[in-house]
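*Asks:* First, the structure itself, so that you have it in front of you.
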Amino acid sequence: HNDEGEAVVFSVPSFACQRRITLDNHNTIITGALSLLAENAELSEEDGRGVAFRRAAAVLKALPEPVTCMTQLRGLPCLGEHSLRVIKDILENGESNEVESMKQSERYKALKVLTGVFGVGAKTADRWIREGIHTLHQLRDSGHALNRAQQAGVEHYDDLNQPVSMAEADAVGEIVEKAVVSVLPGAQITLTGGFRRGKPSGHDVDFLITHPEEGREEGLMSKVVSWLESQGFLLYHKTSRNSYLESANGPARPASNMDRFERCFSIFKLAKKYHELGKDAGPEETKPAGHKPWRAVRVDLVVSPISQFAFALLGWTGSKLFERELRRWAGQEKAMSLSSHALFDNKQKRYLTATSEEEIFGHLGLEFIPPSERNA
Ligand code: TTP
Ligand code: MN
Ligand code: MN
Ligand code: MN
């Protein structure tokens, strides 16, 4: 509030990549509600609506203090009719009826349970729900054939739905580091994703791997995976080179955020630390069934040549909305195409190279935003 006691009117730039959004969120009830609506839209394959709610949430996340009345929001970007209605409900009643009833709906609960299985997306979950499958029990009884990923997803369901802590991310990092330097001395690993943005927990751990000499990284992924497998660290892995765009013109013109790096979606078998084991682990105790000395953790590995490293690092650090907004800014404001591989200037008809994230922001005419402020 200002000196006259009037509520402050906020001002926020249009694109999320122009804002500094830390984890210090002063409007968690509103952003939580908008994020749930976004999630529900995405799970219903209504991506346009999903992005609209994500953008609205990212405006509220950028505010320096809690919103107290609707007049403060006048002139803010990305707040559509629907989002404003939800915010008004929360300011007046403490919650949104729409969001509360959505959370209670059978369809939303079933979508959450089924897409909580690694390897199950919105399409598959929707098909199963239309067959009356709403729970893991019903899925098991249905006799549906599950693919390898989904089998692992069901088997490790509880572990994979428990957030990964920073300490666990560090432990995974030590293992990956050991694997990488064992198969290619001089190769480097970098923590990306939510943990690089300073999140205290995540749904997985993401790493980017490269080598300072261009070309030396070739064939690295299969060697790393073989090493991890031989040491018993992998419960599941699927290595792929995304072939989706293999016929496209240049690396900077993807139709979406899909990239062509060699990657591995995996599930690690991570030993629990002594203090996490509890009393069941003591040698004189009989260990009850279900208490195991390890847990399953989702890990994503990506290999990039050093020439594309800055773009890969920027692309894999997120948040997903921040990345989407960077690409939208590049296209709409700068006539450039940004991907996790390169930046193409459509007017000069040439690629703009970069060896750091700072350089890429510079090419885009944006103030540099550090990872901890990319939590849009
Ligand atoms: P995620 O690991 O999905 O998300 P996150 O690390 O931000 O959050 P969480 O704590 O839930 O794990 O993705 C990390 C980044 O990787 C994200 O910004 C987008 C990028 N990414 C790609 O570029 N291509 C892909 O195919 C995938 C799956 C992710
Ligand atoms: Mn603050
Ligand atoms: Mn992640
Ligand atoms: Mn990931």
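*Asks:* Among the residues of the range 244-254, are any touching a Pro at 6+ places or on another chain (Cβ under 8 Å) and modelled with pLDDT of 90 or more?
*Replies:* Within the range 244-254, not a single residue is touching a Pro at 6+ places or on another chain (Cβ under 8 Å) and modelled with pLDDT of 90 or more.
*Asks:* Residues in the range 62-72: is at least one touching a Leu at 6+ places or on another chain (Cβ under 7 Å), within 16 Å of ligand 1 (Cβ to nearest atom), under 24 Å from residue 319 (Cα atoms) and modelled with pLDDT of 95 or more?
*Replies:* Looking through the range 62-72, none of the residues is touching a Leu at 6+ places or on another chain (Cβ under 7 Å), within 16 Å of ligand 1 (Cβ to nearest atom), under 24 Å from residue 319 (Cα atoms) and modelled with pLDDT of 95 or more.
*Asks:* Also: Considering only residues of the range 40-56 that are without any contact (Cβ under 8 Å) to a residue 40 or more places away in the chain and either farther than 24 Å from residue 110 by Cα or open to solvent by 40 Å² or more (accessible area, probe 1.4 Å) (or both), which is nearest to ligand 4 (Cβ to nearest atom)?
*Replies:* First, the residues of the range 40-56 that are without any contact (Cβ under 8 Å) to a residue 40 or more places away in the chain: 41, 46-50, 52-53, 56.
The next check asks that each one be either farther than 24 Å from residue 110 by Cα or open to solvent by 40 Å² or more (accessible area, probe 1.4 Å) (or both); those that pass are 46-49, 52, 56.
Numbers: 46: 23, 47: 19, 48: 23, 49: 24, 52: 24, 56: 24 Å.
Looking at residues that are without any contact (Cβ under 8 Å) to a residue 40 or more places away in the chain and either farther than 24 Å from residue 110 by Cα or open to solvent by 40 Å² or more (accessible area, probe 1.4 Å) (or both), I get 47.
*Asks:* Mind checking whether some residue in the range 61-73 is without any contact (Cβ under 8 Å) to a residue 40 or more places away in the chain, surrounded by fewer than 21 Cβ atoms within 10 Å (Cβ to Cβ) and part of a loop (DSSP other than H, G, I, E, B)?
*Replies:* No, the range 61-73 contains no residue that is without any contact (Cβ under 8 Å) to a residue 40 or more places away in the chain, surrounded by fewer than 21 Cβ atoms within 10 Å (Cβ to Cβ) and part of a loop (DSSP other than H, G, I, E, B).
*Asks:* Something else about it: Quick check on the range 137-160: of everything there that is of a type in the set (A, V, I, L, M, F, W, C) and surrounded by 15 or more Cβ atoms within 10 Å (Cβ to Cβ), which residue is farthest from residue 234 (Cα to Cα)?
*Replies:* Within the range 137-160, the match that is farthest from residue 234 (Cα to Cα) is 139.
*Asks:* Please find, within the range 23-39, the residue that is farthest from ligand 4 (Cβ to nearest atom) out of those that are free of Cβ contacts under 8 Å to residues at least 40 places away in the same chain and part of a helix (DSSP H, G or I).
*Replies:* It comes out as 28.
*Asks:* So, in the range 310-320, exactly how many residues are more than 19 Å from residue 164 (Cα to Cα) and surrounded by fewer than 22 Cβ atoms within 10 Å (Cβ to Cβ)?
*Replies:* Of the residues in the range 310-320, 2 are more than 19 Å from residue 164 (Cα to Cα) and surrounded by fewer than 22 Cβ atoms within 10 Å (Cβ to Cβ).
*Asks:* Would you confirm whether any residue within the range 128-141 is closer than 30 Å to residue 20 by Cβ and not in a strand (DSSP E or B)?
*Replies:* no
*Asks:* Of the residues in the range 205-232, how many are closer than 19 Å to residue 266 by Cα, in contact with a helix residue (DSSP H, G or I) (Cβ under 9 Å, 6 or more places away or on another chain) and open to solvent by 50 Å² or more (accessible area, probe 1.4 Å)?
*Replies:* 3
*Asks:* Evaluate the following for residue 76: is it away from ligand 4 (no atom under 16 Å from the Cβ), at pLDDT 95 or above, hydrophobic (A, V, I, L, M, F, W, C) and part of a helix (DSSP H, G or I)?
*Replies:* no
*Asks:* Between a first residue in the range 338-367 that is farther than 25 Å from residue 209 by Cβ and assigned to a loop (DSSP other than H, G, I, E, B) and a second residue that is modelled with pLDDT of 95 or more and open to solvent by less than 10 Å² (accessible area, probe 1.4 Å), which pairs have beta carbons less than 6 Å apart while being 6 or more apart in sequence or on different chains?
*Replies:* From the range 338-367, the pairs are 364/330.
*Asks:* Filter the range 198-210 for residues that are near ligand 1 (Cβ under 7 Å from one of its atoms) and assigned to a loop (DSSP other than H, G, I, E, B) and give the result.
*Replies:* If the condition is that a residue be near ligand 1 (Cβ under 7 Å from one of its atoms) and assigned to a loop (DSSP other than H, G, I, E, B), then 199, 203, 204 are the ones that fit.
*Asks:* Any chance the range 113-122 includes a residue that's out of contact with any helix residue (DSSP H, G or I) (no Cβ under 7 Å at 6 or more places or on another chain) and assigned to a helix (DSSP H, G or I)?
*Replies:* The answer is no; no qualifying residue exists.
*Asks:* Hey, can you tell me all the residues within the range 161-204 that are among the aliphatic types (A, V, I, L, M), open to solvent by less than 30 Å² (accessible area, probe 1.4 Å) and touching a residue at least 60 places away in the same chain (Cβ under 8 Å)?
*Replies:* Answer for the range 161-204, where residues must be among the aliphatic types (A, V, I, L, M), open to solvent by less than 30 Å² (accessible area, probe 1.4 Å) and touching a residue at least 60 places away in the same chain (Cβ under 8 Å): 164, 171, 172, 175, 176.
The values are calculated or read from the model by the stated rules, or taken from the named source; none is laboratory data. Note that the coordinates shown come from a computational prediction; the quantities given were computed from them, not determined experimentally. Note: ideal-geometry Cβ built from the backbone for every residue, glycine included; neighbour counts use all protein chains shown. Protein only, heavy atoms only, side chains kept; ligands, DNA and RNA dropped before computing areas. Shrake-Rupley method; radii C 1.70, N 1.55, O 1.52, S 1.80 Å.
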